[in-house]
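Chemist: Take this structure first; my questions come after.
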Amino acid sequence: MGDLGFFDLIIGFLLLITPVVFFHELGHYWVARKAGVIVEVFSIGFGPELYGRTAKNGTRWRIAAIPFGGFVKMRGDEDAASTPGQGSAHVEGSFGGAGLYWRMAIVLAGPVANFILGILLFAMVYITVGKQILPAEIGEVIPDMPAAEAGLQSGDLILEIDGIKIREFNDMRGLIIESPGKQLDFRLRRDDQEFTLPVTPKAQFSEQLDITVGVLGVKSVPVNARVRMAPSTAVVTATSDAFHMSIMILRGLGRAVTGNIQKGEVGGPVRIAEISGTVLNQGIVPFILLTAVISINLGLINLLPIPALDGGHMAFFLIEAVLGKPLPLHWQAILMRGGIAILMTLTLFLVLFDLARLIS
């Protein structure tokens, strides 16, 4: 953890995760209220309550002891995972009693809120500080490296890599890093001509990232100034960045499913705390950008069709839309509890993995 102290990790983690979780749950809460559903509890964190107050509308707003997430508990829910209780569909103001499309909207509102938060944070930085835009143009090719051996030249404009559109130099950098030893098809423009070249990044271990990364052997054209954007341009650019970031996250999840993910890419709450503490020491702007990235990650991961996640609820609702009736409540309860067990086991594994990595 370098020079980071325990206090730095805790403060960085709480400053990072609290607004992300709050915004996620606020999305659920806001749409639930619009749907006429009564929210009984709005909690940041799990476990024993550290602080709470009850609003006039009956919602208990609380901060709990275990800061790994949060939840809104609506009328008729058996637990924080919104497992429907027996007869809840006939209870006025309950989540189960809301229409199918309202329930879908309530569930989707959390991840959507995370995407909105990420986009707004990106846009805020682009408006106030600006964004350093590196064109997807090769400024310099390093001799005896994969780019030179493949025939890339200074001045080449990279259009696509393996069918993925390249908007700027960082898009190319991300794909190269995650592709050590893998042949990539570069679609490029040179002297008004477009053609494709196969390029295989060199595999090289990064001590900083603790993973083997791909290295190409090129440098960008020199660009030093940050460009401040008008609000409309900033929002459009931030939305584009969030979309491309989501693609990269999905590619990472794909590597995890296929078993191609590297040990250094695996991390849990302790790893997030370590990163957040480090970035917080670098300044407020990098920390805001990190918060945006984590928010988009959380929104995307919550859409996975795993019971207890928002995507699991959506899977139930889609089945209900197809069959014309919901899954039996006992099956929903079994699947929800199974999903909770999987998530708790995974969280415990990631915490132990992080601690073992730090100790070693």
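Chemist: Select, from Leu9, Leu26, the only residue that is surrounded by 15 or more Cβ atoms within 10 Å (Cβ to Cβ) and modelled with pLDDT of 95 or more.
Modeler: From the options Leu9, Leu26, the qualifying one is Leu26.
Chemist: When you scan the range 111-161, how many residues do you find that are polar (S, T, N, Q) and closer than 29 Å to Leu290 by Cα? First the steps, then the outcome.
Modeler: The first filter runs over the range 111-161 and keeps only residues polar (S, T, N, Q), leaving 114, 128, 132, 153-154.
Next, from what is left, pick out any that are closer than 29 Å to Leu290 by Cα: 114, 128, 132.
Adding up the residues that qualify gives 3.
Chemist: Still on this structure, I have one more. Restricting attention to the range 143-191, and to residues there that are assigned to a loop (DSSP other than H, G, I, E, B) and charged (D, E, K, R), which single residue is nearest to the chain's Cα centre (by Cα)?
Modeler: Filtering the range 143-191 for residues that are assigned to a loop (DSSP other than H, G, I, E, B) and charged (D, E, K, R), the one nearest to the chain's Cα centre (by Cα) comes out as Glu178.
Chemist: Is it the case that Phe46 is assigned to a strand (DSSP E or B) and among the hydrophobic types (A, V, I, L, M, F, W, C)?
Modeler: yes
Chemist: For the range 95-109, how many residues meet the condition of being out of contact with any Phe, Trp or Tyr (no Cβ under 8 Å at 6 or more places or on another chain) and either surrounded by fewer than 20 Cβ atoms within 10 Å (Cβ to Cβ) or modelled with pLDDT of 95 or more (or both)?
Modeler: Going through the range 95-109 one residue at a time, the tally reaches 5.
Chemist: Going by the conditions given, is Thr59 among the hydroxyl-bearing types (Ser, Thr, Tyr), open to solvent by 30 Å² or more (accessible area, probe 1.4 Å) and over 20 Å from Ile306 (Cβ atoms)?
Modeler: Considered against the rule, which asks whether it is among the hydroxyl-bearing types (Ser, Thr, Tyr), open to solvent by 30 Å² or more (accessible area, probe 1.4 Å) and over 20 Å from Ile306 (Cβ atoms), Thr59 comes out as no.
Chemist: Another question, if that's okay. Just to confirm my filter: which helices (runs of 4 or more DSSP H) fall fully inside the range 259-325 and include at least 1 residues that are surrounded by 17 or more Cβ atoms within 10 Å (Cβ to Cβ), in contact with a helix residue (DSSP H, G or I) (Cβ under 7 Å, 6 or more places away or on another chain) and modelled with pLDDT of 90 or more?
Modeler: Numbers: elements: 269-282, 284-301, 310-323.
Filter on the range 259-325 gives 284-301, 310-323.
Chemist: Additional query: Name the single residue, out of those in the range 193-227 being part of a loop (DSSP other than H, G, I, E, B) and among the acidic types (Asp, Glu), that is surrounded by the most Cβ atoms within 10 Å (Cβ to Cβ). Walk me through how you get there before you give the answer.
Modeler: Of the residues in the range 193-227, the ones part of a loop (DSSP other than H, G, I, E, B) are 200-201, 207-210, 216-217, 221-226.
Within this subset, residues satisfying the condition of being among the acidic types (Asp, Glu) are 207, 210.
Numbers: Glu207: 7, Asp210: 14.
Only one residue tops the list, namely Asp210.
Chemist: While we're here: When the range 164-192 is examined, which residues are found to be touching a strand residue (DSSP E or B) at 6+ places or on another chain (Cβ under 8 Å) and open to solvent by 30 Å² or more (accessible area, probe 1.4 Å)?
Modeler: Within the range 164-192, Lys165, Ile177, Glu178, Pro180, Gly181, Lys182, Gln183, Asp185, Arg187, Arg189, Arg190 qualify.
Chemist: Criterion first (in contact with a helix residue (DSSP H, G or I) (Cβ under 6 Å, 6 or more places away or on another chain) and either on the phi > 0 side of the Ramachandran plot or surrounded by 17 or more Cβ atoms within 10 Å (Cβ to Cβ) (or both)) does Gly130 satisfy it?
Modeler: no
Chemist: Right, here's the next one. Of (1) touching a Phe, Trp or Tyr at 6+ places or on another chain (Cβ under 9 Å); (2) open to solvent by less than 80 Å² (accessible area, probe 1.4 Å); (3) under 23 Å from Ala292 (Cβ atoms), Ala230 satisfies all except one. Which?
Modeler: (1)
Chemist: Here is a list: Ile133, Ile127, Ile119, Ile138. Which entry is assigned to a loop (DSSP other than H, G, I, E, B), in contact (Cβ under 8 Å) with a residue 24 or more places away in the chain and either closer than 30 Å to Leu15 by Cβ or of a type outside the set (Phe, Trp, Tyr) (or both)?
Modeler: So the residue among Ile133, Ile127, Ile119, Ile138 that is assigned to a loop (DSSP other than H, G, I, E, B), in contact (Cβ under 8 Å) with a residue 24 or more places away in the chain and either closer than 30 Å to Leu15 by Cβ or of a type outside the set (Phe, Trp, Tyr) (or both) is Ile133.
The values are calculated or read from the model by the stated rules, or taken from the named source; none is laboratory data. No experiment lies behind these values; they were computed from the predicted model shown. So basically every Cβ, Gly included, is an ideal-geometry build from the backbone, and we count neighbours across all protein chains shown. What goes into the accessible areas is simple: the full protein's heavy atoms, side chains included, and nothing from ligands, DNA or RNA. Shrake-Rupley method; radii C 1.70, N 1.55, O 1.52, S 1.80 Å.
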